[in-house]
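The values are calculated or read from the model by the stated rules, or taken from the named source; none is laboratory data. Note that this is a predicted model, so its numbers are computed, not measured. Cβ placement follows ideal geometry from the backbone for every residue including glycine, while neighbour counts extend to all protein chains displayed. Side chains included, ligands, DNA and RNA excluded: accessible areas come from the protein's heavy atoms. Shrake-Rupley method; radii C 1.70, N 1.55, O 1.52, S 1.80 Å.
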Amino acid sequence: MFKKVLIATRGVPALRIIRSCRELGVKTVVPYSEEDRDSLPAMLADEAICIGPAPPPDSYANLSRLLSAAEVTRCDSLHPGWGFLASEPEFADATIASGINFIGPSPDCLRMFADRLEVRATIKGAEIPVIPGADYPIVNPASAAKVCDELGLPCVVKPVATRLPCTRIIRKEKDIEYQVRMCQAETRVRTGSEQVVIEKFLSPVRPIEIQIVADTQGNIRVINDWEILLYFRGKNFLAVSPALNIDKKEREQLFSWAKEAGKATKITGCVTVEFLIDQEARAYFSRFYPELSVFHPLTEVRTGIDVIEEQMKVASGERVVSFERDVTLPPIALATQIFAEDPDADFEPSPGLVNDLWLPSGPGVRVDSHLFPGYTVPPDYDLHIATVIASGADFESAKRRLLRALTETRINGIATNLDFLITAIKHPNFGTGKIFGQEDY
């Protein structure tokens, strides 16, 4: 096991990693920006080191400053958490080249995950269903029109680079050229490349995510699954584990495909494999999430597995053990993300001073949050401020606990999406597979 870990993230994931490391007897170093000097992770870590001003390019997204911090504090490993550079193969490469262990998938895996067409070809080669679409890059509107004609509208045009939020929907034939050229322009600004792909647009869909852990010897274990119940503008607000409205056979098939996908891509570490289920109950591979999942507490609540510990064991060369187990047993768990944003003002960011705080507790409730009274939520970063998890013997009991927990929560001084979440959970279609979000899948 490692001796000292640099935690190359902030906020909720940084605090979560600190807690597991402390239980394992591993020392932690938190690099912080000037704006995060008084943050809870910086105060609770064994060591904290300032790496620059608030803007991410000058601090948390600055590769050289993070690695310098790791070297100065003599860290033997680095955990990227989620966000910032967590999915960047260049960051993993540079970390390993510096003689520091990278707690995450290998750089080669990250490079593959970054290329939509390479992932698609690999998954198809493993005989796993993929979303209908072109297996080659689209270079001009004429080739896009041909693919759209073959697939039938609506279609979606996406960058080949998976990490770019430039997806555009083509609903009418006359919109093909405009949407393709706009996606190409947005992609070119970010990467210098104009390569995009065309896929059939599936809507509505049910996103189901399978969490797997894989060691360096090729052993893979499925540890949990969950379903995204509410998503909007690229954010997943609510999830339930296990996924609802799928039978044992369908779940076993998804688990098998997730394992095969892991083998085909030679994954190491804890990775989430996402599938989309359409209205005809057909499942398609969608994407890999190589970072620590924001919904990993669902696995921990339902199984007792410490996901951070599993990541660290695999990264230190230990084998995955206990391959098969029944994950369909109770309890069921629900998780929701709280953001510092105002739903009544089109979800505008709401950073600022938290002058009063009351977080819920009680039976079957867990809260992961870095907030405290007097903390100022900075405007420069992701506005995720808490994850609330509730578990129960069945869906209804978990739902009642989650509602109770959210109605107990008080975060004064800033606007949050609490009331929005409570309204969604009270909706009669919640948990039936009929409540979705913005059509961005």
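Inspect all residues belonging to the stretch 247-260 and state whether any of them is at pLDDT below 95 and in contact with a Gly (Cβ under 7 Å, 6 or more places away or on another chain).
Checked the stretch 247-260: no residue is at pLDDT below 95 and in contact with a Gly (Cβ under 7 Å, 6 or more places away or on another chain).
Among the residues of the stretch 57-88, count how many are under 20 Å from the mean Cα position of the chain (by Cα) and either at pLDDT below 95 or crowded, with 18+ Cβ neighbours inside 10 Å (or both). Explain how you work it out, then say what you get.
Step one: list which residues in the stretch 57-88 are under 20 Å from the mean Cα position of the chain (by Cα), which gives 60-61, 78-88.
Right, trim to either at pLDDT below 95 or crowded, with 18+ Cβ neighbours inside 10 Å (or both) and you get 60, 78-88.
Residues that pass the stated criteria total 12.
Of the residues 196, 160, which is open to solvent by less than 80 Å² (accessible area, probe 1.4 Å), under 25 Å from residue 111 (Cβ atoms) and touching a Leu at 6+ places or on another chain (Cβ under 6 Å)? Let's see the steps before the verdict.
Numbers: 196 fails: touching a Leu at 6+ places or on another chain (Cβ under 6 Å).
Every option except 160 fails the conditions.
So, in the stretch 259-281, of the ones that are without any contact (Cβ under 8 Å) to a residue 60 or more places away in the chain and hydrophobic (A, V, I, L, M, F, W, C), which residue ends up least open to solvent (accessible area, probe 1.4 Å)?
Once the filter is applied, the top-ranked residue is 270.
If I filter the stretch 116-128 for residues that are in contact with a Lys or Arg (Cβ under 9 Å, 6 or more places away or on another chain), open to solvent by 20 Å² or more (accessible area, probe 1.4 Å), touching a residue at least 24 places away in the same chain (Cβ under 8 Å) and of a type in the set (Val, Ile, Thr), do I get at least one hit?
First, pick out the residues of the stretch 116-128 that are in contact with a Lys or Arg (Cβ under 9 Å, 6 or more places away or on another chain): 116, 118-119, 126.
Cutting the leftovers down to open to solvent by 20 Å² or more (accessible area, probe 1.4 Å) gives us 116, 118, 126.
After this cut, where a residue has to be touching a residue at least 24 places away in the same chain (Cβ under 8 Å) as well, the list is 116, 126.
Right, trim to of a type in the set (Val, Ile, Thr) and you get none.
Within the stretch 116-128 (the criterion being in contact with a Lys or Arg (Cβ under 9 Å, 6 or more places away or on another chain), open to solvent by 20 Å² or more (accessible area, probe 1.4 Å), touching a residue at least 24 places away in the same chain (Cβ under 8 Å) and of a type in the set (Val, Ile, Thr)), the answer is no, since none of the residues qualifies.
Enumerate the pairs (first residue in the stretch 179-194 and within 23 Å of residue 88 (Cβ to Cβ) and of a type in the set (S, T, N, Q); second residue anywhere and at pLDDT 90 or above and part of a helix (DSSP H, G or I)) with beta-carbon separation below 8 Å, excluding pairs fewer than 6 apart on the same chain, so at least 6 apart or on different chains.
193/187
Within the stretch 398-420, can you find the residues that are free of Cβ contacts under 8 Å to residues at least 60 places away in the same chain and surrounded by fewer than 20 Cβ atoms within 10 Å (Cβ to Cβ)?
Correct list: 400, 403, 404, 407, 408, 410, 412.
Yes or no: residue 169 surrounded by 14 or more Cβ atoms within 10 Å (Cβ to Cβ) and either among the charged types (D, E, K, R) or in contact with an Asp or Glu (Cβ under 9 Å, 6 or more places away or on another chain) (or both)? Even if it seems obvious, please write down each step before you answer.
Details: surrounded by 14 or more Cβ atoms within 10 Å (Cβ to Cβ): yes; either among the charged types (D, E, K, R) or in contact with an Asp or Glu (Cβ under 9 Å, 6 or more places away or on another chain) (or both): yes.
Yes, satisfied.
Taking into account only those residues within the stretch 1-32 that are without any contact (Cβ under 8 Å) to a residue 60 or more places away in the chain and not basic (Lys, Arg), which is most open to solvent (accessible area, probe 1.4 Å)?
Restricting to residues being without any contact (Cβ under 8 Å) to a residue 60 or more places away in the chain and not basic (Lys, Arg), the top hit is 25.
Tell me yes or no: at least one residue of the stretch 375-394 is surrounded by 16 or more Cβ atoms within 10 Å (Cβ to Cβ), in contact with a His (Cβ under 9 Å, 6 or more places away or on another chain) and of a type outside the set (Asp, Glu).
The answer is yes; a qualifying residue exists.
Before we move on, is residue 36 modelled with pLDDT of 95 or more, open to solvent by less than 40 Å² (accessible area, probe 1.4 Å) and charged (D, E, K, R)?
On the way: modelled with pLDDT of 95 or more: yes; open to solvent by less than 40 Å² (accessible area, probe 1.4 Å): yes; charged (D, E, K, R): yes.
Yes; evaluated as a whole, the condition is true for this residue.
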